[in-house]
Amino acid sequence: MKIFNTESMQLEEFKPITPGKVSMYVCGPTVYNLIHIGNARPMIVFDTVRRYFEYKGYQVNYVSNFTDVDDKIIKEAQEEGVSSEEISERYIKECRKDMEDLNIEPATVNPQATHEIQGMIDMIRTLIDKGYAYVVDDGTVYFEVDKDPNYGVLSHRNLDDLQSGFRQIQVTGQDQKRSPLDFVLWKPKKEGEPYWESPWCEGRPGWHIECSVMSRRYLGETIDIHAGGEDLVFPHHENEIAQSECANGKEFVHYWMHNAFLNIDNHKMSKSLGNFLTVRDVNSHYDPQVLRYLMLSAHYRSPLNFSADLMEAAKASYGRMVNAMTNLDFHIANAKTEGLTEAEQKTLEDAAACRKEFEAAMDDDFNTADAISAVFDLVKVINTNVNEDSSLVFMNTLKKEFMELTDVLGLIVERQSAASEDEAARIEEKIRERQEARKNKNFAKADQIRDELKAEGIVLEDTREGVKWHRE
Ligand code: AMP
Ligand code: ZN
């Protein structure tokens with residue numbers, strides 16, 4: 001399995017720290033509002049990465065946090081006249097609902113920053129003791145970037161360039177930072193803000209420290225994979241590396257994975273730009289599976305430009321998968337023969353080739369776009385080979401193949417099966433009507449029925465055993 005590592009900027013063979021296990025940390029949302037579909041991209045992408053590891057037999061320890069202390073949460077709380085906790089608890093609940101709708105497997109743990117303050121204080125203390133951090137007069141604690149010779153490894157920036165980029169701030173800087181790049185580990189409270197006691201001042205943590213602490217607490221000092229959207233590479237993940245490696249004296253992460261943006265009109269979708277659609281919004285107009293499908297239809301490292309047309313195309317494509325399953329389920333329910341024929345045996349080899357193609361795509365840095373093509377190859381195998389004469393073994397084997405692959409993608413193709421039985425009954429009824437028309441020599445009507453079904457993608461076939469149907 002190959003993974004593109006942001007740090008080396010190369011595809012690397014995946015080697016787990018512990019054989020058969022994967023430890024994964026995915027930076028989660030700041031909970032002050034309903035999540036937008038840009039936030040859903042990493043959730044869906046890395047859930048799919050997790051599912052593929054599980055498909056390969058790995059046991060995955062998957063940790064994803066909720067950032068529940070932040071300026072934006074405090075601002076929202078002040079505007080509504082409620083506590084920050086009320087805001088974050090409300091939107092954590094809403095976010096969990098969206099994740100459930102998108103069929104995202106529950107994380108092993110979803111730690112919350114405000115429940116981990118002691119761990120953050122401990123790590124900050126270690127950083128001060130080891131000389132990587134310093135306290136200024138008002139009690140703010142800064143990480144001293146100059147003390148970390150590796151700073152910049154992930155974002156491939158060197159300190160001199162970074163310093164000159166920040167010169168402006170240094171000139172006008174009014175704080176006591178030793179360098180403009182130094183970042184906050186702990187800061188004093190402001191009036192009306194949530195705060196905690198600490199050895200330095202009553203205050204709250206900076207943003208970056210929470211992920212270093214939660215990753216270590218739930219996954220250990222060194223983990224396999226750390227992931228998030230590409231906007232997190234700098235400074236968030238760069239700062240996490242600095243904190244964790246300086247505090248622990250160990251390598252922090254083996255593979256850094258970052259998804260590209262979900263854009264709208266070629267601009268990053270974000271709350272601050274106001275160009276966002278919430279997951280809730282989109283899912284009120286479409287089956288949530290369509291959004292999931294859309295996210296996986298592009299490689300995770302390619303930008304994806306959201307549009308209504310793209311959503312419609314995703315709906316149609318996903319619909320073809322559902323139709324294939326509907327068709328298969330109908331024939332399974334009505335199977336007349338048990339044993340596998342020679343021709344069926346050959347078809348199962350074609351189906352196995354689709355699985356190989358699927359795995360090759362996923363092994364190549366989780367190329368879900370190609371993996372979806374492989375699923376469509378399987379759809380074609382199913383649609384062209386399954387009919388009333390198909391044996392039960394044959395169809396159940398195809399179904400198993402289909403389910404296992406779509407499961408990796410987290411696409412639930414089978415849930416409409418109750419509706420699908422009605423659908424099949426309706427088609428059978430149409431066929432009966434057509435037979436009736438033919439018997440009465442009303443060929444115009446018979447042709448009309450056939451054409452109507454054809455328009456729905458249902459093809460009729462006259463055979464010696466009667467009329468059979470399949471989907472195109
Ligand atoms: P935030 O709530 O802004 O901290 O974001 C939570 C996660 O969503 C992070 O991994 C971000 O990188 C990611 N994210 C935010 N906006 C987008 C976007 N437009 N496209 C892709 N990922 C995004
Ligand atoms: Zn993080």
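A few remarks follow.
- Scanning the range 278-296 for residues that are over 18 Å from residue 29 (Cα atoms), within 13 Å of ligand 1 (Cβ to nearest atom) and not hydrophobic (A, V, I, L, M, F, W, C) turns up nothing.
- If you check 360, 335, 351 for being more than 23 Å from residue 53 (Cβ to Cβ), in a helix (DSSP H, G or I) and of a type outside the set (Ser, Thr, Tyr), only one passes: 351.
- Within the range 301-349, if we keep just the residues that are surrounded by fewer than 16 Cβ atoms within 10 Å (Cβ to Cβ) and among the β-branched types (Val, Ile, Thr), the residue that is nearest to residue 365 (Cα to Cα) turns out to be 341.
- Taking the conditions (1) within 30 Å of residue 397 (Cβ to Cβ); (2) at pLDDT below 95; (3) of a type in the set (S, T, N, Q) in turn, residue 297 satisfies each one other than (2).
- Any hit, the range 80-95, residues being within 16 Å of the chain's Cα centre (by Cα), in a helix (DSSP H, G or I) and touching a residue at least 12 places away in the same chain (Cβ under 8 Å): yes
- For the range 233-254, residues that are buried (at least 21 other Cβ atoms within 10 Å of the Cβ) and not charged (D, E, K, R) total 10.
- The condition (being in contact with a Lys or Arg (Cβ under 8 Å, 6 or more places away or on another chain) and more than 23 Å from residue 143 (Cβ to Cβ)) is satisfied by just one residue among 89, 79, 54, 105: 105.
- Of all residues in the range 139-159, those being outside any loop (DSSP other than H, G, I, E, B), closer than 24 Å to residue 227 by Cα and in contact with a strand residue (DSSP E or B) (Cβ under 8 Å, 6 or more places away or on another chain) number 2.
- Output for the range 7-26, where each listed residue is in a loop (DSSP other than H, G, I, E, B) and either more than 16 Å from ligand 2 (Cβ to nearest atom) or surrounded by 22 or more Cβ atoms within 10 Å (Cβ to Cβ) (or both): 8, 9, 14, 15, 16, 17, 18, 19, 20
- Any hit, the range 425-432, residues being touching a residue at least 12 places away in the same chain (Cβ under 8 Å), in a helix (DSSP H, G or I) and touching an Asp or Glu at 6+ places or on another chain (Cβ under 6 Å): no
- From the options 219, 277, residue that is under 27 Å from residue 128 (Cβ atoms) and either touching a Phe, Trp or Tyr at 6+ places or on another chain (Cβ under 7 Å) or in contact (Cβ under 8 Å) with a residue 24 or more places away in the chain (or both): 219
So that you can scan it fast, the table gives a plain yes or no per residue for (1) within 15 Å of ligand 1 (Cβ to nearest atom); (2) outside the structural domain of residue 67 (by TED's automatic domain parsing); (3) assigned to a helix (DSSP H, G or I); (4) aromatic (Phe, Trp, Tyr):
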{"residue": "210", "(1), (2), (3), (4)": "yes, no, yes, no"}
{"residue": "228", "(1), (2), (3), (4)": "yes, no, no, no"}
{"residue": "244", "(1), (2), (3), (4)": "no, no, yes, no"}
{"residue": "251", "(1), (2), (3), (4)": "no, no, no, no"}
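- Any chance residue 41 is within 16 Å of ligand 2 (Cβ to nearest atom) and either charged (D, E, K, R) or on the phi > 0 side of the Ramachandran plot (or both): yes
- Residues being within 16 Å of ligand 2 (Cβ to nearest atom) and outside any loop (DSSP other than H, G, I, E, B) - total across the range 27-37: 1
- For the range 97-138, the set of residues classified as surrounded by fewer than 16 Cβ atoms within 10 Å (Cβ to Cβ), of a type in the set (D, E, K, R) and assigned to a loop (DSSP other than H, G, I, E, B) consists of 105, 130, 137, 138, listed by residue number.
- Filter result for the condition that a residue is under 18 Å from the mean Cα position of the chain (by Cα) and either touching a residue at least 40 places away in the same chain (Cβ under 8 Å) or not assigned by TED's automatic domain parsing to the domain that holds residue 186 (or both), over 114, 108: 108
- Residue in the range 188-195 that is farther than 26 Å from residue 28 by Cα, in a helix (DSSP H, G or I), more than 37 Å from the chain's Cα centre (by Cα) and at pLDDT below 95 present: no
- Selection status of residue 224, more than 20 Å from residue 138 (Cβ to Cβ), at pLDDT 95 or above and either touching a strand residue (DSSP E or B) at 6+ places or on another chain (Cβ under 6 Å) or more than 16 Å from ligand 2 (Cβ to nearest atom) (or both): yes
- Enumeration of residues in the range 388-416 that are in a loop (DSSP other than H, G, I, E, B) and among the hydroxyl-bearing types (Ser, Thr, Tyr): 390
The values are calculated or read from the model by the stated rules, or taken from the named source; none is laboratory data. The structure displayed is predicted, hence computed values, not measured ones. With ideal geometry, Cβ positions are generated from the backbone for all residues, glycine too; neighbour counts draw on all protein chains shown.
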